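Everything below concerns the one structure shown next.
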Amino acid sequence: MSTTRKHTALPKARILIEALPWLTRHNGKVVVIKFGGNAMVNDELKDAFAQDVVFLRQAGLKPVVVHGGGPQISAALDRHGIVSEFKAGLRVTTEDAMDVVRMVLAGQVQRELVGLLNQHGPLAVGLTGEDAHTITATKHQPEIDGELVDIGRVGEITAIDTGAIEALLADGRIPVVSSIARSQDDGHVYNVNADTAAAALAAALGAETLMVLTDVEGLYEDWPNSDEVISRLTASQLEKLLPELSSGMVPKMEGCLHAVRNGVNTARVIDGRVQHSILLEIFTDEGIGTMVVPDAEEEGDAA
C-alpha cells in the first residue's frame, strides 16, 4: 500500500474503531429522534439526517423518528387564509386549522421524510398517532394568568400504544410518526407537541436514548451572558433550571426530563444545524449538545 493511501486509510479506521464501544453498547436498542428546526427545511441537512437514521438502522440500532412541522404548517395556513395564533407557546388550532395541520404533517412532511429514508432501501413506514391508537390525547387547556384558556384542538397525551411501532421495528423498518393524536373522548383528532410526543414514545418504548434536534448548540449555562453549553446534567438539576428557560426550549427539556424519569437512559438536545450531528452524538467520545441522565446515574456511566 502506498504511503498516501496508508495516511488516508488510517484516520478512517481510527474513526470506525472509536465507534466500536458505542456500536456494541447500543446494538439492538431503540433510539427515538425528534426531527425539527433547520434540519427540517434545509435540503443538505435533511439528506444528512436521512443518512444518519439509515446508518443507525444498518449499525444494529432501532431508530424511531417523530416529527412536527411548525414552519410548514404556518405556510399552509397562510395559503388557506387562516391566521396563525399562539397562546402559552402553543398554536391555537381551530377545526379548520386542524384539517390543515393533519394534511401538512401526514401528507407533506411525513411523506418527504419517508421518501428521503427510502432512497436507501425499503425501510421507512409513515404513521400518525391515530394509527393503531399509537397516541391518544384529551383536550389541553393551558393556564394563562391563573385562568384555563381554550386553544382548540391541541391535545395532552393520555396514553401510548406501542404495538404498531414495535411490529415495524421487529420487521426491520424505521417508523416515522407524525405528532397527531386520536381523541380519548370525542372522535376527533388533536395536534400534539412533537417534543412531548417523542418523549412519551421514548418512555413507552423503553428507548435507550431520546434525541431532540434543535436550532441551538444545546442548553446554555447562562444565556445570554454566556454561550457555554452544559454538556451533561441530571434530571433534578434540569428540573431546577426549567423555570428560567426560553419558551421554545421548555417542551424540549420537559420532554427530556419526562423521558429519563420514565426509564430512558439518556435524553439529549443536539444541534440539528450541524450535518451528521446524530452520528457525532451517538458514536464519538466527545458528543455534542446537552445530555440529561437520571438522578441515580453515577458520573461517567452514561454515554
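The values are calculated or read from the model by the stated rules, or taken from the named source; none is laboratory data. Every value quoted in this text rests on a predicted model; they were computed, and no experiment measured them. So basically every Cβ, Gly included, is an ideal-geometry build from the backbone, and we count neighbours across all protein chains shown. Side chains are part of the model used for accessible areas, which takes the heavy atoms of the whole protein and leaves out ligands, DNA and RNA. Shrake-Rupley method; radii C 1.70, N 1.55, O 1.52, S 1.80 Å.
Out of residues 5 or more away from Val66 or on other chains, whose amide H comes under 5 Å of its own, with H placed 1.01 Å from N in the peptide plane?
Ile33, Lys34, Phe35, Val177
Leaving ligands, DNA and RNA out of it, report the carbon-plus-sulfur percent of the accessible area of the range 116-200 at a 1.4 Å probe.
Heavy-atom surface of the range 116-200 belonging to carbon and sulfur, 1.4 Å probe: 44 percent.
For the pair Glu143 and Ala13, how long in nm is the line joining their label points, each one 7 Å along Cα→Cβ?
6.2 nm
Summing +1 for each Lys or Arg and -1 for each Asp or Glu, what net charge is found among the other residues whose Cβ lies under 14 Å from the Cβ of Gln58?
Result for the neighbourhood of Gln58: +2.
If packing is taken as the average count of other Cβ atoms within 10 Å, what order do 281-290, 236-245 fall into, highest mean first?
281-290, 236-245
In the range 94-229, what % of DSSP beta bridges are antiparallel (nearest 5)?
Among the beta bridges of the range 94-229, antiparallel pairing accounts for roughly 60 percent.
Treating cross-link reach as a plain straight distance, find the lysines whose alpha-carbon is under 21 Å from the alpha-carbon of Lys62, omitting any fewer than eight places away in the same chain.
In chain and number order, the partners are Lys29, Lys34, Lys46.
Taking a ≥ b ≥ c as the square roots of the Cα gyration tensor eigenvalues, with a/c under 1.5 meaning rounded and otherwise prolate when a/b beats b/c, else oblate, which class fits the range 199-258?
Since a/c reaches 1.5 and a/b is larger than b/c, the shape of the range 199-258 is classed as prolate.
With +1 on the Cβ of every Lys and Arg and -1 on the Cβ of every Asp and Glu, and nothing else charged, how large is the dipole of the range 207-271 about its Cα centre, in debye rounded to the nearest 20?
My answer is approximately 360 debye.
Cβ neighbours within 10 Å, averaged per peptide: list 193-199, 274-280 in order, most packed at the top.
193-199, 274-280
Averaged per residue, what accessible surface does the chain expose to a 1.4 Å probe, in Å²?
Value for the chain: 47 Å² per residue.
When the chain is fully extended, how far beyond the present Cα-Cα distance does Val41 get from His188, taking 0.36 nm per residue of separation?
Contour length minus Cα-Cα distance gives 50.0 nm.
Would the range 151-206 count as rounded, prolate or oblate if I go by the C-alpha gyration tensor, calling it rounded below 1.5 in a/c and otherwise prolate when a/b exceeds b/c, oblate otherwise?
prolate
Which residues' amide hydrogens lie under 5 Å from the amide hydrogen of Glu85, considering only partners 5 or more residues apart or on another chain, with H built in the peptide plane?
Hits under the 5 Å cutoff: Val92.
Using the per-residue mean of other Cβ atoms lying within 10 Å as a proxy for protection, in what order, highest first, do the peptides 80-89, 208-217 fall?
Highest to lowest by the protection proxy: 208-217, 80-89.
When the dipole is taken about the Cα centre of the chain, and only Lys, Arg (+1) and Asp, Glu (-1) are charged at their Cβ, what size is it in debye, to the nearest 20?
1340 debye
Which residue, chosen from Leu280, Ala76, Ser247, occupies the Cα position most advanced towards the positive end of the dipole of the chain, where the dipole is computed from +1 (Lys, Arg) and -1 (Asp, Glu) charges on Cβ about the Cα centre?
Sorting the options by dipole projection puts first Leu280.
Under a 5 Å amide H to amide H cut-off, with H placed in plane at 1.01 Å, what residues pair with Leu219 once short-range neighbours are removed?
Here Ile230, Thr290 satisfy the definition.
Which of rounded, prolate, oblate describes the range 1-91, given a ≥ b ≥ c as roots of the alpha-carbon gyration tensor eigenvalues and a/c under 1.5 marking rounded, otherwise prolate only if a/b is larger than b/c?
Prolate, since a/c reaches 1.5 and a/b exceeds b/c.
What is the gain in length, in nm to one decimal, between Ser74 and Met103 on full extension, counting 0.36 nm per residue of separation less the C-alpha to C-alpha distance?
Full-extension gain reported as 9.2 nm.
With the dipole of the range 139-194 worked out from charges on the C-beta (+1 for Lys and Arg, -1 for Asp and Glu) around the Cα centre, which of Asn193, Thr162, Gln141 lies farthest toward the positive end?
It is Thr162, whose Cα lies furthest towards the positive end.
Over the chain, what is the relative contact order in whole percent, taking alpha-carbon pairs under 8 Å and six or more residues apart?
Result for the chain is 20 percent.
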